[in-house]
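For reference, the structure discussed in these notes is given below.
The values are calculated or read from the model by the stated rules, or taken from the named source; none is laboratory data. It should be emphasised that the depicted structure is a prediction, and the values quoted were computed from it without experimental measurement. Don't worry about glycine lacking a Cβ; one is built from the backbone with ideal geometry, like all the others, and counts go over all protein chains shown.
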Amino acid sequence: MIKRNQLVNLVFAALIVLFHKPLLAQEAMEFNLEQAITYAQDNHPDIKLKKLQIEDAQQRVKETAAIGLPQVNGGLEYQYFIEKPRQIAPDFLTPAVYGILFQEQLVQPFPLDIGTQEFTFVQSHNLTPSINLSSLIFDGSYIVGLRAAKAYGSLVQQDLSIALSTVRKSVIDGYLPILILDENLTNLDLNIVNLEVLLKETEAIYNEGFAELLDVERLKLSLSNLKSEKDNLERQRVVALNALKIQMGFPMEKELEIADSINEVLERSKGDELLVSSATIESRPEIGYLNTTLDLNELNIKLNKAAYLPSVSAYVSYQNTYLGDDFSNGTWLPTSVFGANISIPIFAGFGRKAKVARAKIDLEEVKIQRERALDGFKLELSNAKTNYINAKKRLESRKENLDLAQRIFETTKIKYREGVGSSIEVSTAEQSVYQSQQYYYQAVFELLQAESNLAKALGQ
């Protein structure tokens, strides 16, 4: 039989499994660089906002277009007079009746004073269904406004392209440092292992009386420094990973893992292709944005000029009115009408002229801003190409230095084991290797970052 304590332990274990099940089910999501970019471009708040603005712009076009389409409205009105309205009018009818009776010598002559009589001209039940059709025939402002609404749609679409490019760049800038940290941690672990092996060998030599205690202590110090550096890098990685989550629009409470290595990203590098690419700054989404802004300002001038033009509209209306004291013997009275309206602006106190002048000034300002932006983009592209070339040369130099440092370290270890070298030389060589590794991968980072800047400068 199961003892009471065993039963309690089993129940407790079951509860732990039950309550930890959701946590176990929440697996970490793994992203390589391109997957991280794609995720960010789908989930970043800025991107979602731009997409909503595009939808809004599309609805604006429909809303503006609807103004020029025929408008149809129907109506139904019913009235029941609890008490019919009356009007007072001179009583012309009564004298006439008495006149006829007097001619027939049936009554005495009617007095000359004419009195008043109450009349009602309405029926108890009034029912009026109606339908109205109206249409804008010509309005210069409408035509220009429709073009402006479509241009605005293009503008927000280009704004989305800019946001996508910005998010791509920010993800790359956030992803690469983590790769560098991972590589430094890997190299640091390797150096720690090598130094631990060397420390054990030195301690063994010291125990045999062929090494000094100072050699052992010096290696222990170097090992301690490496482990402290590892702790520092691990903390930096946590901070960098959280920053990447923000740049991706990734939930902070979820686990995020990195699938790439810095060498894998370096192998996929296309910086050399970008360097010789025929692409120019004209492919940047910012250029399209500025061009569309120019178009909108030109349309604004036309819109203000359209205020001088007349507008023409027409309408057709039909209604059928039922009148009767009840719904059995009433009368239907149909009515239809066609009309047209022409509105001609004549004078508005020179306000329209001032609006046109201001719109022209706005256009000139945008032209100047565009030229300044183009100069800035050209300079950015030139600097990006130069920085990429320099970064590539710097990486080649750092690679040579790293190879040299590794060869020196291996030679120094051999000399030390053979008793013709010192622990100081080994420690110095080890530190040189680690420092060269850091310099090398920093150069890799700078090259990949220069590639990212070059791609952005080319609008890719």
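I want to confirm something. Restricting to the range 289-324 and keeping residues that are of a type in the set (Phe, Trp, Tyr) and in a helix (DSSP H, G or I), which single residue is farthest from the chain's Cα centre (by Cα)? Within the range 289-324, the match that is farthest from the chain's Cα centre (by Cα) is TYR308. When we screen ILE389, ILE424, ILE344 for residues that are surrounded by fewer than 16 Cβ atoms within 10 Å (Cβ to Cβ), in contact (Cβ under 8 Å) with a residue 24 or more places away in the chain and touching an Asp or Glu at 6+ places or on another chain (Cβ under 9 Å), the only hit is ILE424. Inclusion of GLU400 among residues that are closer than 29 Å to TYR206 by Cβ, free of Cβ contacts under 8 Å to residues at least 12 places away in the same chain, assigned to a helix (DSSP H, G or I) and not polar (S, T, N, Q) is not warranted.
Considering only residues that are among the basic types (Lys, Arg) and touching a residue at least 40 places away in the same chain (Cβ under 8 Å), which ones fall in the range 190-231? The answer is ARG218, LYS230.
Residue-by-condition table, conditions (1) of a type in the set (A, V, I, L, M, F, W, C); (2) buried (at least 19 other Cβ atoms within 10 Å of the Cβ):
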residue: ARG237; (1), (2): no, no
residue: MET248; (1), (2): yes, yes
residue: PRO251; (1), (2): no, no
residue: LEU256; (1), (2): yes, yes
residue: ASP260; (1), (2): no, yes
residue: GLU264; (1), (2): no, no
residue: ASP272; (1), (2): no, no
residue: THR292; (1), (2): no, yes
residue: VAL316; (1), (2): yes, no
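For the range 232-248, what are the residues that are over 12 Å from ALA36 (Cβ atoms) and of a type outside the set (S, T, N, Q)? Residues satisfying the conditions are LEU233, GLU234, ARG235, ARG237, VAL238, VAL239, ALA240, ALA243, ILE246.
Considering each residue of the range 350-359 in turn, at least one proves to be out of contact with any strand residue (DSSP E or B) (no Cβ under 8 Å at 6 or more places or on another chain) and not in a helix (DSSP H, G or I). Across the range 67-88, the qualifying residues are those that are exposed (fewer than 11 other Cβ atoms within 10 Å of the Cβ) and aliphatic (A, V, I, L, M), and the one among them that is modelled with the highest pLDDT is LEU76.
The set of residues from the range 237-288 being among the charged types (D, E, K, R), within 22 Å of ASP182 (Cα to Cα) and not in a helix (DSSP H, G or I) comprises GLU253, LYS254, GLU255, GLU257, ASP260, ARG268.
Just one of (1) buried (at least 19 other Cβ atoms within 10 Å of the Cβ); (2) within 19 Å of LYS169 (Cα to Cα) fails for GLU430. It is (2). GLU208 meets all of the listed conditions (1) surrounded by fewer than 16 Cβ atoms within 10 Å (Cβ to Cβ); (2) at pLDDT 90 or above but one, namely (2). Quick check on LEU185: is it closer than 17 Å to GLN442 by Cβ and surrounded by fewer than 17 Cβ atoms within 10 Å (Cβ to Cβ)? For LEU185, the condition - closer than 17 Å to GLN442 by Cβ and surrounded by fewer than 17 Cβ atoms within 10 Å (Cβ to Cβ) - is met.
Residues of the range 318-339 that are in contact (Cβ under 8 Å) with a residue 40 or more places away in the chain, small (Gly, Ala, Ser) and either in contact with a Lys or Arg (Cβ under 9 Å, 6 or more places away or on another chain) or surrounded by fewer than 17 Cβ atoms within 10 Å (Cβ to Cβ) (or both): GLY324 alone. Which residues, taken from the range 347-375, are aliphatic (A, V, I, L, M) and either touching a helix residue (DSSP H, G or I) at 6+ places or on another chain (Cβ under 6 Å) or crowded, with 16+ Cβ neighbours inside 10 Å (or both)? Within the range 347-375, VAL356, ALA359, LEU363, VAL366, ALA373, LEU374 meet the criteria.
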